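Structure first, commentary second.
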Amino acid sequence: EYVWPSKYDYIEDVMMLHSGYIHNGFSDAVNPCSFGTNVAGRQNAAEWVRTGYHDMATHDAAAGTGGLDASILFELDRDENVGSAFNNTFGFLSNYYNIRASSSDLLALAVVTATYRCNGPKIPFRAGRIDATEAGPLGVPKPDEDVETHTSRFATAGFNTSDMIAMVACGHTLGGVHGVDFPEITGNSSEAQVSFFEGSSSDSSADFDNAVVTQYLDNATENPLVAGGNDTTNSDKRVFGVDGNTTMHALADPATFQSTCADILERMINAVPSSVTLSEVIDPIDIKPYMTTFALNSNGTIDFVGRIRVRVSDGTNRNTNDLAVHLTYADRDGTNTTTTITATHPSFQGGTSSGLFRENFSWYEFATVLDPSTGISKFHVHITTPSTGAAQVFDNAGNGFPLDDSILYQQSQSCLDPTIVDGNMNLTVSAFVRNDRIDEVVTLNLVHKVPRQGVIMPALEVHSQVFDKTSTEKSGYVLFQAKRLLPSETWNTAFDVVLGEGDNETIVENQSTSAISDNICS
Ligand code: HEM
């Protein structure tokens, strides 16, 4: 059962908030399925799926090495990874990459998102992949290799002959062979030339359907890897036929094709090194709070500002126009207060967001102040249906939504000075620590983005630094500050503020330097 906060909150947002009032646009690049960022010949959805496969292809299931680990970032100079698909894919994914979302998790989510956006099946998504830090072995199948080589490559990765046929068919339902990458196959090397696996007469190549299978069985295929003029590069013909077409006949049933692809692509993205433990399947979270501000204000009270995201997808029996949300909370000692904090539904963009798998969410915003002498320890979310009076209380799997007011990150008193000195900018992070804990260590954990030659994604290194206690006191709190230099070209990054150590740790997670880049450093 989901408990807030979770280390997968960020990736769940990437997955579930594609468009609307609060959105991150993860599916914009594959919506519609044919979309190619207005570059002739490009189809992002096809590129994402191909990138997922090429990264996984060198998995060794028995040895527990390789797989979906983004090692392909280091393997782009190889002739088995021809084309701009890989850099295009990671170029888009880099917008979402951070310490809470590895390149490999984002790539797996890209496969899931592209497949679904193209009318394909719903592939369950798990997170937790760890990125490789160097290239893996060679061995991505090439079209001019024989079928024994391909069969054994798939077998090493944990896929039998029938799995191989299905995986290739499920991949080659999108996109095609590009003239710039394989002119010897297309016979035309121009930028815009694509010989689609499912032919040029329909837009099937932008639809996750089984035309690649039925056209092959009907001997009516234009697939350049089946009907190409040079049999040497007709790898799909050899792969599809290797079991006497048994698997292809099964895949000719549309429902079987969809369910088989869901299974084989899920296994493809979950082929990970044995050192990786994947999370449970990430399902949409029903009630999810977001803190906007939890800090001391100039009046000496605590600003308590945030949002509640309520799932209103089909089947929830919730109607955005007939919902009211309020919070109640317990003070620092755990005693319930009688205060009701009303959350209001914003009207901009209907105050709703939508995401993968047709999920919909409605937003409710609250802004109040709390007495710093009594504080807060947890809150409950109440959802009522005004038309019927029905009321429900959400308690975060039993214990309420926890908040710890022993440390308050002061975003308004933190800043990133835009002046660049010797390639660096001055970062100041401020936090108030409650009097009873001021003797504990306060640490800034800042993510440094370290550029890597020829690799789109920088390495992420966490640098820790201890805060200094200042002489500023307010409302039973003492101000702490950490100052450090941040390389200007990678200034846009994230940090955590941590009070105490071990079991006593209180963390304010995932704050961003971009949120303080307009603040004036005083
Ligand atoms: C024997 C195995 C395979 C071989 C030899 C092979 C070969 C190829 C070749 C030559 C291309 C053209 C690339 C270009 O022109 O840039 C291609 C494209 C593609 N492949 Fe494969 N492939 C194999 C398996 C797979 C699998 C298992 C998947 C995914 C599950 C997949 C997904 C794709 C996709 C989506 C494209 C279209 C890319 C685009 O249009 O930009 N392939 N493949």
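The values are calculated or read from the model by the stated rules, or taken from the named source; none is laboratory data. Keep in mind the model is a prediction, meaning the values are calculated, not measured. Glycine gets a Cβ as well: all are built from the backbone with ideal geometry, and neighbour counts include every protein chain shown.
Descriptive notes on the structure:
- Flag if ASN210 is surrounded by fewer than 19 Cβ atoms within 10 Å (Cβ to Cβ) and closer than 16 Å to SER162 by Cβ: no
- The residue pairs whose first member lies in region 154-165 and is farther than 15 Å from SER259 by Cα and touching a residue at least 60 places away in the same chain (Cβ under 8 Å), whose second member is of a type in the set (Asp, Glu) and not in a helix (DSSP H, G or I), and whose beta carbons are closer than 7 Å, counting only pairs six or more residues apart or on different chains, are THR156/ASP60; THR161/ASP243.
- Residue selected from region 412-441 under the condition over 13 Å from CYS521 (Cβ atoms) and within 30 Å of the chain's Cα centre (by Cα), by the criterion surrounded by the fewest Cβ atoms within 10 Å (Cβ to Cβ): ASN424
- Enumeration of residues in region 339-364 that are in contact (Cβ under 8 Å) with a residue 60 or more places away in the chain and either among the acidic types (Asp, Glu) or outside any strand (DSSP E or B) (or both): PRO346, PHE348, GLN349, GLY350, GLY351, LEU356, PHE357, GLU359
- The selection criterion, being buried (at least 22 other Cβ atoms within 10 Å of the Cβ) and either free of Cβ contacts under 8 Å to residues at least 12 places away in the same chain or within 29 Å of the chain's Cα centre (by Cα) (or both), holds for THR260.
- Pick from region 160-171, criterion near the ligand (Cβ under 9 Å from one of its atoms) and touching a Lys or Arg at 6+ places or on another chain (Cβ under 9 Å), ranking: farthest from VAL213 (Cα to Cα): MET164
- Where helices (runs of 4 or more DSSP H) fall entirely within region 222-290, those with at least 1 residues that are over 30 Å from ASN188 (Cα atoms) and of a type outside the set (D, E, K, R) are at 246-251, 254-269.
- Total residues in region 160-181 satisfying the condition of being within 14 Å of VAL140 (Cβ to Cβ) and either more than 28 Å from the chain's Cα centre (by Cα) or not in a helix (DSSP H, G or I) (or both): the figure is 1.
- Candidates SER313, SER298, SER279, SER274, filtered to the one that is over 25 Å from VAL49 (Cα atoms), small (Gly, Ala, Ser) and out of contact with any helix residue (DSSP H, G or I) (no Cβ under 8 Å at 6 or more places or on another chain): SER298
- Restricting attention to region 188-199, the residues being in a loop (DSSP other than H, G, I, E, B) and either in contact with a helix residue (DSSP H, G or I) (Cβ under 6 Å, 6 or more places away or on another chain) or more than 13 Å from the ligand (Cβ to nearest atom) (or both) number 5.
- All conditions but one from (1) touching a residue at least 40 places away in the same chain (Cβ under 8 Å); (2) farther than 30 Å from SER275 by Cβ; (3) more than 10 Å from the ligand (Cβ to nearest atom) apply to LEU174; the one that does not is (3).
- ILE99 vs. criteria over 29 Å from VAL213 (Cα atoms) and at pLDDT below 95: yes
- Scanning region 110-137 for residues that are aliphatic (A, V, I, L, M) and either within 19 Å of THR233 (Cα to Cα) or in contact with a Ser or Thr (Cβ under 7 Å, 6 or more places away or on another chain) (or both) gives ALA110, ILE123, ALA127, ILE130, ALA132, ALA135.
- Evaluation of ASP331 against (1) over 23 Å from GLY375 (Cβ atoms); (2) over 25 Å from the mean Cα position of the chain (by Cα) (one fails), failing number: (1)
- Residue pairs whose Cβ atoms lie under 9 Å apart, separated by 6 or more positions or on different chains, with the first residue in region 503-521 and closer than 17 Å to PRO402 by Cα and the second part of a helix (DSSP H, G or I) and not acidic (Asp, Glu), are ASN504/ARG437; THR506/ARG437; ASN510/TYR10.
- Hits in region 39-53 - residues which are buried (at least 24 other Cβ atoms within 10 Å of the Cβ) and either in a helix (DSSP H, G or I) or among the basic types (Lys, Arg) (or both): ASN44, ALA45, ALA46, GLU47, TRP48, VAL49, THR51, GLY52
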